[in-house]
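First comes the structure, then the notes that go with it.
The values are calculated or read from the model by the stated rules, or taken from the named source; none is laboratory data. This one's a predicted model, so the numbers in the text were calculated from it and none came from an experiment. So basically every Cβ, Gly included, is an ideal-geometry build from the backbone, and we count neighbours across all protein chains shown.
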Amino acid sequence: MEFYDVIETRRSVRGYLDKPVPADSLAKISRAVQLAPTACNRQPFRLFLFRDPAMRAAICAKVPFPWLSEAPVIAVLAGDASSAWERPDGGSIVDVDASIVMEHFVLAATAEGLGTCWICCYRRDEVDAAAGIAAPWRSVAISPLGFGKQNACRPRNVKPVDELVKVIG
Ligand SMILES: Cc1cc2nc3c(=O)[nH]c(=O)nc-3n(C[C@H](O)[C@H](O)[C@H](O)COP(=O)(O)O)c2cc1C
């Protein structure tokens, strides 16, 4: 898929078909994740791709979105704040690094014809315990991964481009 088609096609998909993710797609998405830039190249992240039904059920039990359980894969992205680069005025960059990684995941999945949806509305202590993620790692976001159902996206609602992007000069 052409790059701008990927950008136009990507949506938050909140409904999934009962169909497995092809191994080839998983490999390509993993490569896109591997190539994500991180500050000072620290790579302070791990992406866990849960296919195991029991693990997925344990994670879904802690997330307030019933459609998550439809997905054949649940991705949990974890970051390690202690190994991420520190900003000069203090504070770990881990959330920025992890967000770039997650968006590589999302866009690569879109290019593979697969749906995703960023999820941050959950209690991290509960989901991390269910996913077996322990210190220094802490989840940053979750996403389903799978073939989306028809009509599983809300109507697009974006602000005017000249409100969001200011070209100066
Ligand atoms: C950081 C972040 C957190 C999000 N968390 C959730 C979430 O917890 N649950 C959910 O249903 N959607 C979540 N979303 C999806 C947004 O609602 C969605 O991206 C936005 O409404 C725009 O729609 P689109 O992605 O289909 O273009 C999140 C998106 C981002 C970027």
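Answer yes or no as to whether V6 is part of a helix (DSSP H, G or I), hydrophobic (A, V, I, L, M, F, W, C) and within 15 Å of the ligand (Cβ to nearest atom). Lay out the reasoning, then the answer.
Working: part of a helix (DSSP H, G or I): yes; hydrophobic (A, V, I, L, M, F, W, C): yes; within 15 Å of the ligand (Cβ to nearest atom): yes.
Yes.
Give E163, E103, E112 a once-over and let me know the one that is at pLDDT 95 or above, within 12 Å of the ligand (Cβ to nearest atom) and charged (D, E, K, R).
Values: E163 fails: within 12 Å of the ligand (Cβ to nearest atom); E112 fails: within 12 Å of the ligand (Cβ to nearest atom).
It is E103.
Exactly one of these conditions fails for S83: (1) buried (at least 21 other Cβ atoms within 10 Å of the Cβ); (2) more than 16 Å from the ligand (Cβ to nearest atom). Give me its number.
(1)
Check whether at least one residue in segment 2-12 is in contact (Cβ under 8 Å) with a residue 60 or more places away in the chain, farther than 16 Å from L107 by Cβ and either aliphatic (A, V, I, L, M) or surrounded by 17 or more Cβ atoms within 10 Å (Cβ to Cβ) (or both), and report yes or no. Spell out the reasoning first.
Taking segment 2-12 as the starting set, the residues that turn out to be in contact (Cβ under 8 Å) with a residue 60 or more places away in the chain are 6-7, 9-12.
Of the ones still in play, those that are also farther than 16 Å from L107 by Cβ are none.
No, the conditions are met nowhere in segment 2-12.
Conditions: (1) farther than 22 Å from K19 by Cα; (2) assigned to a loop (DSSP other than H, G, I, E, B); (3) within 12 Å of the ligand (Cβ to nearest atom). V63 meets all but one. Number of the miss?
(1)
Can you tell me which residue within segment 115-169, out of those that are surrounded by 19 or more Cβ atoms within 10 Å (Cβ to Cβ) and among the polar types (S, T, N, Q), is farthest from S69 (Cα to Cα)?
S139
Based on what the data block shows, is A84 assigned to a loop (DSSP other than H, G, I, E, B) and within 22 Å of A32 (Cα to Cα)? Let's see the steps before the verdict.
Working: assigned to a loop (DSSP other than H, G, I, E, B): yes; within 22 Å of A32 (Cα to Cα): yes.
Considered against the rule, which asks whether it is assigned to a loop (DSSP other than H, G, I, E, B) and within 22 Å of A32 (Cα to Cα), A84 comes out as yes.
Being free of Cβ contacts under 8 Å to residues at least 24 places away in the same chain and either crowded, with 24+ Cβ neighbours inside 10 Å or assigned to a loop (DSSP other than H, G, I, E, B) (or both) is the filter here, so list the residues in segment 88-114 that pass it.
Of everything in segment 88-114, those that are free of Cβ contacts under 8 Å to residues at least 24 places away in the same chain and either crowded, with 24+ Cβ neighbours inside 10 Å or assigned to a loop (DSSP other than H, G, I, E, B) (or both) turn out to be P88, D89, G90, G91.
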